[in-house]
Amino acid sequence: MSHPFRRTSQRGFSLLELLVTLFVVVLVTSLVTLNVGGGAGDYELEGQVDELLDTATYALDEAQFLGWDFGLLIVREYSRDPSYTLQWLERGPDRWSAPRSGKDVFAELELPPGVELELELDGVLLQQDVFSPREELPEPQIVFYSSGETAPGNLVIRASDTGDLLWRVEWDLLGNFRALHRGEESEFDES
């Protein structure tokens, strides 16, 4: 005999269990999204670091090929949002000036606001006032000599609000440049 009011065992999940699971998934997803970072600003800075490396390598090659020195002048712009401008220069007979050739390659590069720079040359960390030249025609901080050499050093890019290391650009005496994201070697680097 079968009982019409007999309960069969339930299968599946209750509505409450499904809602709790959905809430946990949404919470974890939002936390991961927050930790990934700003996105567009990171890609912009990465592109500028890559452009800096490519242009520095080109400047060193041009210095050897043409027989005159090139330089990189880093200037801190004080405005509503302080930022840094990287200007390429060429040593003339009397003074440093904008490069006469390769104007599209030696374009001025403006780093986004919200970063701080630290420059170290020959093992000496330079003071921040080196980025605020007082002369009308300042000399560049980094020089690429026609002999194919440059003073070894590194340029550290930090987030100005947190002090977190974003990029470290380093080079040796022969101008072998490399960029280290957050100061660490990439797993794809061959060296």
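Only the coordinates and a few stated rules stand behind these numbers; no lab work does. Please read all numbers here as calculations on a predicted model, not as lab measurements. FYI the Cβ positions are ideal-geometry reconstructions off the backbone, even for glycines, and counts take in every protein chain you see.
Quick notes on this structure:
- Rounded to the nearest 10 degrees, the angle from helix 15-36 to the longest Cα principal axis of the chain is 0 degrees.
- Exposed loop sites are taken as trypsin sites (Lys or Arg not before Pro) in a DSSP loop (any state but H, G, I, E or B) with at most 14 other beta carbon atoms within 10 Å; the longest stretch of the chain without one runs 12-79.
- Reciprocal of mean inverse Cα separation for the chain (Kirkwood radius, Å): 20.0 Å
- Of 148, 174, 79, farthest towards positive along the dipole that unit charges on Lys, Arg, Asp, Glu beta carbons give the chain: 79
- Computed extension length for residue 174-residue 22: 49.1 nm, one decimal, from 0.36 nm per residue of separation with the Cα-Cα distance subtracted.
- Here the chain is assigned +1 on the Cβ of each Lys and Arg and -1 on the Cβ of each Asp and Glu. Its dipole about the Cα centre then comes out at about 1480 debye.
- Three principal axis lengths of the stretch 105-186 [C-alpha, angstrom, descending]: 38, 34, 29
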